[in-house]
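The values are calculated or read from the model by the stated rules, or taken from the named source; none is laboratory data. Just so you know, these numbers come straight off a predicted model, no measurement behind them. Reconstructed Cβ throughout: ideal geometry from the backbone, glycine too, with neighbour counts over all protein chains shown. To get the accessible areas, we keep the full protein, side chains included, count just its heavy atoms, and leave off ligands, DNA and RNA. Shrake-Rupley method; radii C 1.70, N 1.55, O 1.52, S 1.80 Å.
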Amino acid sequence: MMSLNRRILFSATLVLLVFIMGIALTLDRAFYDSARLGVKDRLFAKLLMLMGDAEVEDSGELDVPTNLLDAELGHVNSDTYAYIVGPTNTISWRSNSSLNKPIPTISLLEKGKKEFSQITLNDEPYFIYRYGVAWKTPAGDYPLTFIVITDSVLFEAQVERYREDLWGWLSIMAIFLLATQMLVLHWGLQPLRKVSTELAAIESGQQEKLKGNYPREIQVLTDSINSLINHEHKQQKRYRNGLADLAHSLKTPLAVLQGTIQSEGDETIRQKTIQEQIDRMDNTIQYQLRRAATAGSSPGMGLIMLRPMVDRIVNTVTKAYRDKNPCIIIEIDESISLQIDEGDLMELLGNLIDNAFKWCRQNICLSASYQENQVIIQVKDDGPGIRSPEITRILERGVRADQSTPGHGIGLAIVRDIIQVYGGELSIENNSTGGLCVVLRLKKNKQH
């Protein structure tokens with residue numbers, strides 16, 4: 001595929017050439033029309049001078065004094081000549097310069113009619129101006145047609161010279177503009193080349209992120225790339241930490257299993273101990289896998305509408321706790337949205353709503369609202385709540401799933417870890433009227 005530099009250079013060059021061609025054709029046409037108009041005005045001026053010198057005698061004879069004629073018409077070798085067509089549709093008078101010159105078809109024009117055109121005589125181009133008049137004489141109107149002709153050699157030479165100068169200067173201008181364009185393009189694309197160089201350095205391990213100062217338009221791109229790189233680093237770190245935590249968490253149950261297998265105690269107690277450690281290992285593995293798989297905030301992440309997600313989870317959990325059938329109050333506006341991975345949000349709300357159904361007696365309240373630059377989500381139930389020391393332990397960093405309080409352990413631990421990944425806050429408190437209130441604080445997306 002053609003490079004971006006070549007694409008821009010090719011398109012700009014094409015536009016420049018079309019623009020120059022358009023200018024050249026416009027100027028050429030304008031000069032041609034102007035030069036032609038100049039020839040027309042010059043011939044008309046000579047025609048008026050000829051009319052001023054001409055006289056019609058009372059006898060009906062046309063008289064044009066040769067000593068008063070324009071020098072150009074009186075010179076034999078002149079390129080301009082004239083003649084007058086009389087009432088009999090014949091040439092009544094001709095200038096000295098018309099000797100040995102071709103004569104076009106002779107015809108009288110109507111009174112007051114003017115004609116200017118370009119004709120070909122003996123395969124040579126000429127300009128001709130004709131003017132029909134009716135001379136007033138005692139005997140009546142005397143129709144005459146005055147005709148002035150000039151060859152177009154001078155006109156064509158003038159136009160040719162102008163075109164040579166025009167195309168010469170436009171070619172120089174085009175070369176200059178193309179050279180300037182290449183320099184400007186090289187300078188303008190320098191930030192993109194710098195980005196490419198830095199990305200290559202990141203790929204080779206020489207640096208961890210894009211560090212250069214870039215124009216405002218490119219800065220948005222580099223910030224997004226750095227955010228993606230940072231997101232990937234965090235994801236890798238979570239996987240590594242998850243594997244390390246998993247290995248550490250499995251040491252104790254594996255040691256207990258090994259000791260139980262080698263012991264010679266009661267078989268029933270041995271089987272119970274083995275089952276307990278298997279369940280403990282299964283919970284630990286599930287927790288660490290979910291923790292490592294948390295997507296986290298990413299620049300390209302879309303918006304998730306909160307209310308439909310809550311309704312969907314409530315409908316699902318209600319089926320699992322069909323016997324309880326609690327009263328559920330949902331106070332969430334349809335416009336509230338979060339920039340979060342859909343799976344993470346489902347895991348987050350799913351655990352909290354499941355705990356609320358599990359421990360409630362009759363009532364559950366789910367609410368959400370905007371407060372400054374945060375989205376506040378609350379999940380309340382009227383259950384037994386949690387003792388304050390146990391709340392502190394659950395929210396303590398580094399508490400493993402196998403060390404959490406039974407009944408409120410792994411679910412809240414997963415919620416805590418997801419909230420931390422998204423830079424939010426989790427708080428748990430007991431309601432004054434009984435039950436538990438879990439509060440989530442997440443960053444409001446930039447569109448609100």
Seminar exercise, completed: Restricting to Cα pairs under 8 Å and 6 or more apart, the percent relative contact order of the chain works out to 9
For this session: Would you work out if region 17-57 is rounded, prolate or oblate? Take a ≥ b ≥ c from the square roots of the eigenvalues of the alpha-carbon gyration tensor; rounded if a/c is under 1.5, else prolate when a/b is larger than b/c, oblate otherwise.
Result: prolate
For this session: Could you point to the residue in Leu48, Tyr32, Leu14 farthest towards the positive end of region 1-91's charge dipole, with +1 and -1 charges on the Cβ of Lys/Arg and Asp/Glu respectively?
Result: Leu14
For this session: Would you mind checking which residues have amide H under 5 Å from Trp135's amide H? H placed 1.01 Å from N; only 5 or more apart, or other chain.
Result: Tyr142, Leu144
Exercise. Using alpha-carbon pairs under 8 Å, 6+ residues apart, how would you state the relative contact order of region 122-272 in percent?
Worked result: 10
Seminar exercise, completed: With 0.36 nm assigned to each residue of separation and the Cα-Cα distance removed, Ala179 to Leu221 gains 12.2 nm
Seminar exercise, completed: Between Asn445 and residues 5 or more places away or on another chain, the pairs with built amide H atoms under 5 Å apart involve Gln339
For this session: May I ask you to order 413-420, 314-321 by the average number of other C-beta atoms within 10 Å around their residues, highest value first?
Result: 413-420, 314-321
Exercise. Could you give the accessible area per residue of the chain, probe 1.4 Å, as a whole number in Å²?
Worked result: 59
For this session: For each pair in Lys40/Lys113; Lys211/Lys234; Lys209/Lys237; Lys251/Lys358; Lys113/Lys136; Lys358/Lys444, compute the distance between the two Cα atoms and list the pairs where it is over 23 Å.
Result: Lys251/Lys358; Lys358/Lys444
For this session: Determine ³J(HN,Hα), in whole Hz, for all residues of region 139-149 in sequence, where each value follows from phi through the Karplus function 6.51 cos²θ - 1.76 cosθ + 1.60 and θ = phi - 60°; x replaces Gly and Pro.
Result: 7, x, 5, 10, x, 9, 10, 8, 10, 10, 10
Exercise. What nm distance separates the two modelled labels at Val439 and Leu99, each placed 7 Å from Cα along Cα→Cβ?
Worked result: 12.0
Exercise. To the nearest 500 deg cm²/dmol, what mean residue ellipticity at 222 nm is calculated for the chain from DSSP H runs of n ≥ 4 alone, each contributing -39,500 (n - 2.57), summed and divided by the residues?
Worked result: -18000 deg cm²/dmol
For this session: Just grab the label-to-label distance for Asn325 and Glu156, each label 7 Å out from Cα along the Cβ direction, in nm (one decimal).
Result: 10.7
Exercise. Where does the longest stretch of the chain lie that holds no GluC sites (Glu not before Pro) found in a DSSP loop with 12 or fewer other Cβ atoms within 10 Å?
Worked result: 111-207
Problem set entry | In order through region 83-99: 3J(HN,Hα) via Karplus (6.51 cos²θ - 1.76 cosθ + 1.60), integer Hz, x for Gly, Pro | 7, 10, 9, x, x, 7, 6, 10, 6, 8, 7, 9, 7, 4, 6, 8, 4
Exercise. Per the 1.4 Å probe, what fraction of the accessible area of the chain, in percent, lies on carbon and sulfur atoms?
Worked result: 54
